[in-house]
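Accompanying notes for the structure given below.
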Amino acid sequence: MMDIIYTLAVIAILYFIVCLLLILLGDCDLLLQIAERFGKPVSVLKGKVVWITGASSGIGEYLAYDLAKAGCRLVLSARRKEELERVKKQCLLHASTSNITEGDIMVLPLDCLKLDTHQEAFDKVLEHFKQVDILVNNAGRSQRAEWISTSLEVDREMLELNVMGVLSLTKKVLPHMVKRKEGHIVNMSSVAGKFGKLYNGIQRQACGHASLTGWFDCLRAEVFYDNIQVTNICPGPVFSNILDTAFTANQGEELKGKMNPTEKRMSTSRCTELCAIAIANKLHEVWIALNPILLITYVNQYCPNLYKIITSRIGMSVVKRVREGKL
Ligand SMILES: NC(=O)c1ccc[n+]([C@@H]2O[C@H](COP(=O)([O-])OP(=O)(O)OC[C@H]3O[C@@H](n4cnc5c(N)ncnc54)[C@H](OP(=O)(O)O)[C@@H]3O)[C@@H](O)[C@H]2O)c1
């Protein structure tokens with residue numbers, strides 16, 4: 001009996017050590033690491049119609065390149081048409097080996113804040129492609145301001161864009177997917193939505209990514225028998241233009257911040273490479289982040305009390321050092 005207990009204990013310790021090493025050496029959660037090595041290639045998405053919001057810059061832009069390379073037909077949406085046209089041209093270059101032609105990439109300007117325009121936008125997509133296989137809710141704005149000084153109007157606008165905009169567009173597309181008994185909703189969330197982040201707690205934790213993760217977890221269960229997949233993607237810090245347009249404490253203001261190239265952030269292309277793998281393998285939730293953020297996400301998930309003890313004592317200084325790229 002003691003022998004069996006001893007053997008099981010050794011196996012458990014070895015399993016723990018291997019997992020810890022993979023987390024420390026990796027840049028995404030363990031399931032995504034397995035999917036990257038042994039799962040389906042992104043090319044299984046060939047021919048799918050993918051609607052990406054926030055495709056004019058950052059993560060949405062680079063995801064469009066990855067999916068174009070895989071042979072997907074794309075709808076590119078954001079507010080700036082000229083930027084979307086630029087991304088379309090780049091997509092066609094990336095797609096030179098996948099037989100994608102100009103008609104396979106639709107530029108569809110859309111302000112996600114204007115909920116009353118979503119139906120018209122969806123109708124245009126159906127007119128062009130007749131179907132939507134995958135909706136990637138990626139458009140969003142961050143915030144840099146303290147809770148106490150942020151005006152309620154800013155809170156409301158963030159909710160409208162980062163939460164209501166996503167729910168509204170998804171509700172337009174969902175009945176079509178349910179009718180076809182096929183579809184995939186992808187929500188660009190954030191690891192910060194898992195454990196909160198000082199200085200942008202409002203958008204990140206309380207009302208933005210965290211609530212959407214919950215919303216989409218409910219949706220996943222409801223549409224399971226309609227053959228509809230739901231994927232929550234949670235990246236950590238990634239290079240993009242998100243600081244440029246980030247909300248501040250005051251209505252109508254944009255931060256106009258620039259990312260320091262020495263900051264410890266993941267490259268946009270690596271992030272979207274992993275996003276595309278997560279979509280191809282229909283994973284429910286993935287974490288994509290460099291360390292120590294990836295490790296912190298695991299500690300928060302599996303040892304929440306330890307996480308709270310650590311962050312309440314050293315949280316602010318750690319966040320500052322991560323921001324400055326010193327950790
Ligand atoms: N970068 C990070 O570190 C990070 C980490 C975790 C999660 N995320 C999430 O990833 C998503 C993409 O962000 P990003 O980092 O790639 O930032 P980004 O480079 O600033 O891209 C944001 C995209 O959203 C679009 N957008 C903003 N307001 C919009 C509106 N009202 N209607 C339609 N489109 C709008 C922007 O296009 P237009 O200005 O042309 O409209 C742009 O294409 C966001 O949801 C963000 O919260 C980012």
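The values are calculated or read from the model by the stated rules, or taken from the named source; none is laboratory data. Everything quoted here is computed from the prediction, not taken from an experiment. Counting neighbours? That spans all protein chains shown, and the Cβs are built from the backbone with ideal geometry, glycine included. The protein model used for the area step is the full one, side chains on, heavy atoms only, and it has no ligands, DNA or RNA in it. Shrake-Rupley method; radii C 1.70, N 1.55, O 1.52, S 1.80 Å.
Helical content of the chain, expressed as a calculated mean residue ellipticity at 222 nm, amounts to -15000 deg cm²/dmol (DSSP H runs of 4 or more residues, -39,500 (n - 2.57) each, divided by residue number, nearest 500). Here each label is just a point 7 Å from Cα along the line to Cβ, and for LEU306 and LEU25 those points are 2.1 nm apart. For TYR15 and SER269, the difference between the fully extended length at 0.36 nm per residue and the C-alpha to C-alpha distance is 88.3 nm. Spin-label model, LYS171/LEU8: points 7 Å from Cα along the beta carbon direction are separated by 5.0 nm. List the DSSP H helices in the chain whose Cα atoms stretch 15 Å or more along the helix axis and whose mean Kyte-Doolittle hydropathy is at least 1.6. Answer set is 2-25.
Probing with 1.4 Å while keeping every protein chain in the model, the per residue accessible area of the chain equals 50 Å². Give me P(r) over the chain, computed from all C-alpha to C-alpha distances, binned every 10 Å, as integer percentages. Histogram of Cα-Cα distances, whole percents per bin: 6, 25, 34, 23, 9, 2, 1, 0.
Largest first, the extents of the alpha carbon coordinates of region 55-117 on the three principal axes equal 38, 22, 17 Å. FRET efficiency for the LEU92 to GLN251 pair, using the beta carbon distance and R₀ = 41 Å, is estimated at 0.60.
With viscosity 1.567 mPa s and temperature 4 °C, the Kirkwood radius over alpha carbon pairs of region 101-143 converts through Stokes-Einstein to a diffusion coefficient of 108 µm²/s.
Roughly how many debye, to the nearest 20, is the charge dipole of the chain about its Cα centre, given +1 on each Lys and Arg Cβ, -1 on each Asp and Glu Cβ, and no other charges? The partial results should precede the final answer.
On the way: 39 positive and 33 negative charges, 89 e Å.
For this selection, approximately 420 debye.
Note on region 218-255 and region 1-58: Cα centroid distance 22 Å, given to the nearest whole angstrom.
For region 88-232, count all C-alpha to C-alpha pairs, find those more than 24 Å apart, and express that count as a whole percent of the total. Tail of the P(r) past 24 Å holds 41 percent of the pairs.
Once neighbouring chains are kept in place and the probe is 1.4 Å, which whole percent of the accessible area of the chain is contributed by carbon and sulfur? Can you show the working numbers first?
Working: 9800 of 16240 Å².
The C+S portion of the solvent-accessible surface of the chain is 60 percent.
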